[in-house]
Structures are given as structure tokens and as C-alpha cells.
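Q: One structure coming up, written as C-alpha cells, with questions to follow.
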Amino acid sequence: MKLNLERPLIFFDLETTGLNIGKDRIVEISMLKIMPDGEELEKTMLLNPEIHIPEEASKVHGIYDKDVADKPRLEDAVGEISAFFGDGDIAGYNSNKFDVPFLVQEMARCGVNFDLRNRRMIDVQNIFHKMEPRTLIAAYKFYCGKSLDDAHQAAADTRATYEVLKGQLDMYKDTEYTDPKTDKVTKPVQNDVKMLSDFTKDIHNHVDLAGHIALQNVKGKECEVFNFGKHKGKPVKEVFTIEPQYYDWMMKADFPFNTKEVITRIRKEMMLERQFGRG
């Protein structure tokens, strides 16, 4: 199908050093410009972010420091990128939440105002999610082929969830899954509780149920870090050492009980490490 366009539509995607807009940098940008007459123009550029690309980011997109060491900085390429976009409209996948604000921030850092006011923006992911809603009703219809007439009644929802799981086991028992972090290929949706539990664990490596504390690799060592507020991304033990009153504030504040259990465990570990001389 030929797109019905009044002006160019630019599909684009970014690979970055991380997900923190304002802190992280672009390491690759790929742009595909579709012209109103159907002509396609494509440009992909590796960029030197001038900061270290964390290992966890490299495992996702396959770009390492050595790959961009001799590549232009965004400051050197921003004119070419801006010219490629021109006054065209924009499209991407999850672009409204990530790629667009990231690009706007990075171009502003380079002194270029990437004006969105007169651009139309298409987020293909939003079309997917709205047309194929990720609800229990939709899952029940998809996996079981039945309508959930009593949705949002606890008993009906509970029974439907059980039936959906059985439907998933039937549908995916021979389906391969590639782990995006390790590239390991498995068939994880099996009639085995441990395998299902491992497969459905939180992909964000949350330590507490609410996601206030996460596991991250910091300077080559996996540790608990804050996942919110002014200390986001900092090791919990480091913050409690420098700012011990932060623990007291969290214990008195309106955090979930489970989160308080987790930070209390971490604090006790700190005290034992000090007592026995381990760091």
C-alpha cells in the first residue's frame, strides 16, 4: 500500500547510551524518509556520544565504545540530520514517549530547535496497543476464543486468567523466544511453574514490588540502586552512607511496607559489612 502523503514522512529510530533523557546520548540514528510520490530516502549514522556506552546498553543494540570512537559527534552531524527531517512529519515505534523527546533534547543541547508544533507525529506502537488492547478481555478472546461477559467480577476474572494461561501453554509450547540481553534461545512457555515464574519476572529487575529499588550494574558490580527521586540510579548503600537520614525519611514516608523491608535489609547488610570489615 502506498501511503497517502501531503509532505514527507520520516520514520526514525534511536539507539542510545541509556534511557535517561537529558543525561544519556545518541549513539545511532536511522531515518527513512517517504516522499509523497513514494520515493524512499534512507540515512543511518553512528555517532560518538563522548561518554561511555554502558555494557547493558551495548548488549541491547550491539554498539560498543570502539564502534563509535572515530564517528562524528552529534554536534557535527546535527545540521545534516535536521536537513534530512526538513519540515516533514514524523513516525516511529514508541516514538512519542521516547525517541521524539530524546531527539528534541539532544538537538537542543546542540543549539538546534527541533520544532514540533507544525509536525504530525505517528506512533505505530500506540496504534498497535489501541487496536489490540492488552486487557484480560482481549486475552480471553485471543487465547480462548470466548467473550468474557462478567469482566471485572473477581471470580470471573480469576477463572478467565486460569483459562488464558492454559491457552498460552497450548499456543506457545513449541515457540522459541530469544532473550534480548543474552541472545539465548529457549522455549520458555512450558507446563512448568518454575520456568513460567522465571520467564514472567519483572524485566526491569525490580528488587521491591513497587519498583522503587532496582538491580543495576554499577562500575562492574551488580547492586541495588534507587529507581526514583533525586538519587535515581545511585547505589542504595552509597546514599545511606553519605546521607543516612534518607533511610529515616523513607521509613517515615508513605512508601509500601515491602519497600521498607527491602531498604531495612540493605541497611542491615551495610552494618554487618562495617562490623566485619567488608566493603
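The values are calculated or read from the model by the stated rules, or taken from the named source; none is laboratory data. The structure displayed is predicted, hence computed values, not measured ones. Using ideal geometry, Cβ is built from the backbone for each residue, glycine included, and neighbour counts are taken over all protein chains shown.
Q: So is V218 among the hydrophobic types (A, V, I, L, M, F, W, C), assigned by TED's automatic domain parsing to the domain that holds K146, at pLDDT below 95 and more than 30 Å from D149 (Cα to Cα) or not?
A: Taking the combined requirement at face value, the residue does not satisfy it.
Q: Find the residue count for region 72-124, including only residues that are in a strand (DSSP E or B), among the charged types (D, E, K, R) and closer than 15 Å to E15 by Cα.
A: 1
Q: Next question. Would region 117-124 turn up any residue that is at pLDDT below 90, more than 21 Å from the chain's Cα centre (by Cα) and in the same structural domain as N48 (by TED's automatic domain parsing)?
A: Checking region 117-124: at least one residue is at pLDDT below 90, more than 21 Å from the chain's Cα centre (by Cα) and in the same structural domain as N48 (by TED's automatic domain parsing).
Q: If you scan region 109-141, which residues turn out to be more than 30 Å from D24 (Cα to Cα) and either touching a residue at least 24 places away in the same chain (Cβ under 8 Å) or surrounded by 14 or more Cβ atoms within 10 Å (Cβ to Cβ) (or both)?
A: Once the filter is applied, which keeps residues that are more than 30 Å from D24 (Cα to Cα) and either touching a residue at least 24 places away in the same chain (Cβ under 8 Å) or surrounded by 14 or more Cβ atoms within 10 Å (Cβ to Cβ) (or both), region 109-141 yields L136, I137, A139, Y140, K141.
Q: Sticking with this structure for a sec: Looking at region 125-174 only, could you name the residues that are part of a loop (DSSP other than H, G, I, E, B) and farther than 25 Å from P188 by Cβ?
A: The answer is K146, S147, L148, D149, D150, A151, H152, Q153.
Yes or no, residue by residue, for (1) at pLDDT below 90; (2) more than 24 Å from P54 (Cβ to Cβ); (3) acidic (D, E); (4) assigned by TED's automatic domain parsing to the domain that holds G18:
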| residue | (1), (2), (3), (4) |
| --- | --- |
| G145 | no, yes, no, no |
| D149 | yes, yes, yes, no |
| M171 | no, yes, no, no |
| V189 | no, yes, no, no |
| T241 | no, no, no, no |
| P244 | no, yes, no, no |
| D254 | yes, yes, yes, no |
